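The structure appears right after this line, and notes come after that.
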Amino acid sequence: MQSSVPRSRALWSSPKRIARIVAALGVLAALVVAAVFHRTWLPQARELLASAVGASGSSSTSETSEAEETDDHAGHGHEGHNHPGHEEANSLELSPQAWKNLDLKVGKIELQDYERTVTIPAVVVERPGRTKIQIAAPLTGMVTGVFVAKGQAVNPGDVLFNLRLTHEDLVETQTEFLKTLEALDVENREIARLEQITDGAVARKVVLERQYEKQKLEGLLRAQREGLLLHGLSDAQVQQITQERRLLRELAVYAPEVSNHEEELRFLKNENVSNVIPAGFAENASDLSHPLVVQNLNVHQGDVVQAGSPLCDLADLKVLYAEGRGFEQDAQEVIKAANNKWPVKAVFGGGTEEPEEVSGLEIVFVSNEVESESRAFHFYVAVPNTIIRDVQSLAEQRFVAWKYKMGQRLNLLVPVERWTKKIVLPVEAIAEEGPEAFVFVRNGDHFDRQPVHVEYRDQRHAVIANDGSIFPGAQVALSSAHQLQMALKNKAGGGVDPHAGHNH
């Protein structure tokens with residue numbers, strides 16, 4: 001009988017058998033280590049995989065409410081889900097309904113230029129000497145026709161009133177004009193008769209004398225014509241007197257021609273205002289005619305008016321002024337902006353309505369006085385106006401409504417400093433808690449709260465330091481940051497954690 005010891009040694013002495021045993025022991029050891037440390041390596045592997053998938057699915061760059069994208073995450077549990085790159089205490093997940101309720105807007109961070117501005121209250125006022133046009137009676141007479149109503153829009157050349165003339169000077173001027181016309185006709189007939197006489201020397205001399213007399217009458221007629229025009233008659237009315245050889249008994253008062261729009265043309269051609277044409281000028285650049293509005297009506301039919309008496313007031317509302325009312329310490333900054341020809345922004349509305357911003361405006365002039373009581377100074381910005389309503393009444397009267405009205409309040413944003421390549425976000429994207437300021441960065445279907453440093457903020461924008469807390473290209477919530485902050489605090493304050501038992 002052979003001993004068992006030599007057989008055992010023979011078993012271990014085989015190289016192939018030893019290699020198999022070592023490999024089996026290695027696999028067993030690897031399984032033991034994986035079972036012990038699975039809580040460490042398994043989440044990390046899942047995070048790497050989820051990061052690769054999330055990066056490929058978050059390439060949208062447009063600002064959107066994007067509530068639809070959360071629908072894929074709704075309707076099923078969180079089993080098997082992981083949300084990498086955030087801490088649960090600073091992360092918030094929104095349901096599709098919550099996203100819609102907040103009207104949440106998301107946008108990509110981009111570096112941009114920013115103008116630091118001062119906000120100065122203002123009010124819309126008329127342009128002195130341009131907006132208000134007073135129509136006065138050119139001559140003494142009785143009002144026999146009123147063809148306009150208060151608030152009506154009229155075009156240059158439209159008839160406003162009819163006057164029955166009782167002015168003696170005008171009657172005499174017309175009479176002399178008719179006499180000159182008749183005398184000129186007599187001279188023309190006499191010259192024609194003399195030109196038919198063939199007795200040479202006498203006839204030529206007499207004809208020459210008559211021609212001189214005709215020239216005098218023509219000169220007198222031109223002077224009398226100009227006199228009638230100065231009295232308020234139109235060319236058509238003077239022509240009517242010439243043809244009919246009758247005195248004009250009534251005088252029509254017309255809407256005057258407006259200015260030649262030098263200021264509007266200057267806006268259109270000015271290249272120093274960032275090549276920005278103010279809203280309203282671009283649409284009507286080829287049509288510089290616009291209606292006038294009857295502001296006040298001072299007479300009625302049957303009234304007797306003296307020469308120079310006001311009949312009505314017209315308003316040219318195509319361009320108005322925004323009168324800025326700043327403090328005395330703001331004067332130097334306003335003058336600096338005016339000297340540098342930096343465009344000013346006007347912000348209308350607010351409160352319950354969405355503010356409207358008009359950019360590319362120019363400071364026309366700065367007042368040289370400071371109010372003694374309020375210590376405020378005034379400066380003026382030209383604001384183009386547009387028609388927002390144009391209707392025709394049953395009486396064929398035209399009524400228009402201009403967008404900006406005198407007395408309307410607004411804010412002027414006057415630039416005082418320019419910065420380049422800054423992260424600029426709306427103030428609605430910033431949440432504050434004590435000295436801390438946060439933005440919410442989108443991470444898949446979650447929003448991670450990220451502390452940031454606010455370098456500057458005004459009523460509408462905040463400038464965020466580009467210190468690595470957030471990066472250009474990242475998507476952030478552009479609105480409702482305060483509501484997101486409150487939701488995050490409520491989540492941390494109690495209640496059942498919907499993510500309990502999950503690794504993030």
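State the number of residues belonging to the stretch 144-177 that are touching a helix residue (DSSP H, G or I) at 6+ places or on another chain (Cβ under 7 Å) and among the charged types (D, E, K, R).
The number of residues fulfilling the criteria is 1.
Restricting attention to the stretch 318-373, which residues are buried (at least 17 other Cβ atoms within 10 Å of the Cβ) and in a helix (DSSP H, G or I)?
Across the stretch 318-373, the qualifying residues are Asp330, Glu333, Val334, Ala337, Ala338.
Kindly evaluate Gln97 against the criterion of being at pLDDT below 90 and in a helix (DSSP H, G or I). Show your work before the answer.
Details: at pLDDT below 90: yes; in a helix (DSSP H, G or I): yes.
In short, yes.
Are any residues in the stretch 102-154 over 22 Å from the mean Cα position of the chain (by Cα), of a type in the set (S, T, N, Q) and not in a loop (DSSP other than H, G, I, E, B), and if so, which ones?
Correct list: Gln134, Thr144, Gln152.
From the set of residues in the stretch 426-459 that are in contact (Cβ under 8 Å) with a residue 60 or more places away in the chain and part of a loop (DSSP other than H, G, I, E, B), which is surrounded by the most Cβ atoms within 10 Å (Cβ to Cβ)?
It comes out as Gly444.
So which of Asp185, Asp169 ends up being more than 51 Å from the chain's Cα centre (by Cα), of a type in the set (Asp, Glu) and more than 23 Å from Leu311 (Cβ to Cβ)? Write out each step before concluding.
Working: Asp169 fails: more than 23 Å from Leu311 (Cβ to Cβ).
When all the criteria are applied, what remains is Asp185.
Conditions: (1) assigned to a strand (DSSP E or B); (2) among the aliphatic types (A, V, I, L, M); (3) at pLDDT below 85. Ala492 meets all but one. Number of the miss?
That leaves (1) as the condition not met.
Taking Glu88 as the residue in question, decide whether it is in contact with a His (Cβ under 8 Å, 6 or more places away or on another chain), surrounded by fewer than 20 Cβ atoms within 10 Å (Cβ to Cβ) and at pLDDT below 85.
Details: in contact with a His (Cβ under 8 Å, 6 or more places away or on another chain): yes; surrounded by fewer than 20 Cβ atoms within 10 Å (Cβ to Cβ): yes; at pLDDT below 85: yes.
The answer is yes for Glu88.
For the stretch 208-247, enumerate the residues that are within 16 Å of Asn188 (Cβ to Cβ) and touching a Ser or Thr at 6+ places or on another chain (Cβ under 8 Å).
Leu217, Leu220, Leu221
Within the stretch 391-425, which residues are outside any loop (DSSP other than H, G, I, E, B), at pLDDT 90 or above and within 21 Å of the chain's Cα centre (by Cα)?
Those that are outside any loop (DSSP other than H, G, I, E, B), at pLDDT 90 or above and within 21 Å of the chain's Cα centre (by Cα): Val400, Ala401, Trp402, Arg409, Leu410, Asn411, Leu412, Leu413, Val414, Pro415, Val424, Leu425.
The values are calculated or read from the model by the stated rules, or taken from the named source; none is laboratory data. Owing to the predicted nature of the structure, the values given are computational and were not obtained by experimental measurement. Because the Cβ atoms are built from the backbone with ideal geometry, glycine has one as well, and the counts that use them run over all protein chains shown.
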